[in-house]
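Each remark here refers to the structure printed beneath this line.
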Amino acid sequence: MHQAHIVGVGMTDFGVHETPLTELFASAAFDALDDAGVGGAAIESFYLGNAMSGQSEGDTHLAPTIASHLGLAGVPCQRYEDACATSSNAFKHAVRAVEAGQHDVVLVGGVERCTTTTGLETPEMTSVFASASHRQYEQPTGISFPGVFGLLTTRHMHEHGTTEEQLAAVAVKNHGHGTLNDRAQFGTETSVEEVLDSPIVATPFRLFDCCPFSDGAAAVVVANEDVAADMEADSVAVTGIGHATDVVPLAEKEDLTATQSARDAATQAYEAADIGPEDVDVAEVHDCFTGAEILAIEALGFVEDGEGGKAAVEGTTALGGRIPVNPSGGLKAKGHPIGATGIAQLVELTEHLRGEAGERQVDGATHALAHNLGGDAATTVVSILEGDA
Amino acid sequence: MSETHSNEAAESLPEQLNHRTWTQALREGRLLGQRCRDCGAETATPSAACNACGSRERVTIELPTTGTLYTETTVAVAPQGFDGGYRVGVVDLGSTRVMARLEGDSDIGDSIELAGVLEVDSPVPVFE
């Protein structure tokens, strides 16, 4: 089996983009190709993550359309949709194809617009997001996506005594990290008081507990060990990917606070990479809501079950802490253009492993982990990257 | 659908539980679920096979209409078609759980019962 490497990365700023999806993605993709030092002619296949453009922009069959805009028409193209885990799933398939020797060099990326540039206002976009819940047995209750994670987090608060202040501390930490990231949608600090004073979206979450609606794109070039060795740019090895699912509707999940798919995906990824949670130097996790980061760090084994609420308060997960989580600012501060999020996590981690993350660099990082979930955590993809630093 | 047909359904359990028969029962004040004939796992909404063991041998069962509140959220910013400010919860029915709209101010662990059906979209249970 071949060893897959990330050999080039690129992403747009996350925020509000008036540009069409094709142009938005091209910006990230050409940055990734240039970073790798390869032209489009080297790309043998294209893997695209895009979750919602059929609903939000009336735009489908997007992979060949975008490939054509990039001058890649002709190569096999595929588009993935797994709610918020969309582009991690594209990445997994790209890596598997390289590992299997099917392709030597591929382009993987994600793009999405979720702001009013789509023409959709908050209630309409809230409905688009809610469509990831079960069509017959969940959506008709009026559950929103903040509400889905509200159900999981309320249960965590009940079982473990997690508090609203602890949730707010996650937002404060990630906003703080976001101030060090030029690409982040929010570049300002917040405070526990400001979070707790913000209006309720779905209990226990207030506006500042929630990631924003965002537009953006991210891309990576994945290549096998032979191609990677010939390239000028530092490459990082993809040493483990885990991918697992859980039952939908969420009421039938065995444990609402476990995010079992994350535990299963992490077990697979740690096993493949032959490391444990204690070996991870830096992680990007799926903090669509503050409570989601707490569930994630427990599921990944960074803290004991029930202890997740304390981590941000005590600085465990801050830059400079025992296990820095979301140095990019996370979805919370960096932004969450759904289909681009999974790849954007990998862009961030690659930069840390190369020692190119600037002010937010985790010094000496050699092992990095990305956790990207979809829907009510019925999908999770966990990816482990290793550098030589 | 004839009147006779729906009366028959009210008295007996549909052999095959699907969205149509689940909905029909719900409108009659009944909550139907499934038990796996092979491993015994129970669910509160229909699926074509068991997630615990993969068996397609599904038995329709009558679920209790009282349960305890397992978790809840108040949705303030609502999807289209809904007016925010309502509560959605997960109700523990013993062997399984179901998502429902909530009325009243029940806390986690409180006993609540099936109180009606919400039909903004397709029908879902309301517990109070």
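Does segment A:257-341 come out rounded, prolate or oblate by the C-alpha gyration tensor, with a ≥ b ≥ c the root eigenvalues, rounded set by a/c under 1.5 and, if not, prolate when a/b is larger than b/c and oblate if not? Rounded.
Of all DSSP beta bridges confined to chain A, the antiparallel ones make up roughly 75%.
Computed from the C-alpha gyration tensor, the three semi-axes of the ellipsoid equivalent to segment A:1-150 are 30, 18, 13 Å, from longest to shortest.
Diffusion coefficient of the protein assembly as shown by Stokes-Einstein, Kirkwood radius over Cα pairs, 20 °C, 1.002 mPa s: 92 µm²/s.
Annotation note: trypsin sites (Lys or Arg not before Pro) in segment A:284-372 located in DSSP loop regions with a Cβ neighbour count of at most 14 within 10 Å are A:Arg322.
Note on chain B: Kirkwood radius taken over Cα pairs, Stokes-Einstein applied at 10 °C and 1.306 mPa s, translational D equal to 102 µm² s⁻¹.
In chain A the longest region clear of GluC sites (Glu not before Pro) that are loop-assigned by DSSP and have at most 13 other C-beta atoms within 10 Å covers A:19-120.
Over all other residues within a Cβ to Cβ distance under 12 Å of A:Thr380, the charged ones net out to -2, with Lys and Arg as +1 and Asp and Glu as -1.
Exceedance of the 24 Å cut-off in Cα-Cα distance is limited, within the set A:Lys253/A:Lys334; A:Lys310/A:Lys334; A:Lys92/A:Lys173, to A:Lys253/A:Lys334; A:Lys92/A:Lys173.
Across chain A, the mean sequence separation of Cα contacts (distance under 8 Å, 6 or more residues apart), normalised by length, yields a relative contact order of 26 percent. Sites listed here are trypsin sites (Lys or Arg not before Pro) in segment B:13-70 whose DSSP assignment is loop and whose Cβ has at most 11 other Cβ atoms within 10 Å: B:Arg56. So what's the net charge close to A:Ala4: Lys and Arg +1, Asp and Glu -1, counting the other residues with Cβ under 14 Å from its Cβ? Charge balance in the 14 Å sphere: -4. Calculated FRET efficiency, B:Arg56 to A:Gln78, Cβ-Cβ distance, R0 = 25 Å: about 0.20 to the nearest 0.05. Treat segment B:3-63 as a sphere of radius equal to its Kirkwood radius over Cα pairs and apply Stokes-Einstein at 4 °C in a medium of 1.567 mPa s; give the translational diffusion coefficient in µm²/s, rounded to a whole number. D, rounded to a whole number, is 111 µm²/s.
What are the GluC sites (Glu not before Pro) within segment B:51-83 that DSSP puts in a loop, where the Cβ has at most 15 other Cβ atoms within 10 Å? Of the GluC sites (Glu not before Pro), the ones in loops of segment B:51-83 whose Cβ has at most 15 other Cβ atoms within 10 Å are B:Glu57. Shape index of segment B:66-127: Rg/Rh, with Rg the Cα radius of gyration and Rh the Kirkwood radius from the inverse mean 1/r over Cα pairs, equals 0.96. DSSP beta bridges fully contained in segment A:274-389 are about 65 percent antiparallel.
Here, each number is a calculation from the coordinates, and none is a lab measurement. On a predicted model such as this, the values are computed, not experimentally measured, just so you know. Here the Cβ is made from the backbone with ideal geometry for all residues, glycine too, and neighbour counts use every protein chain on show.
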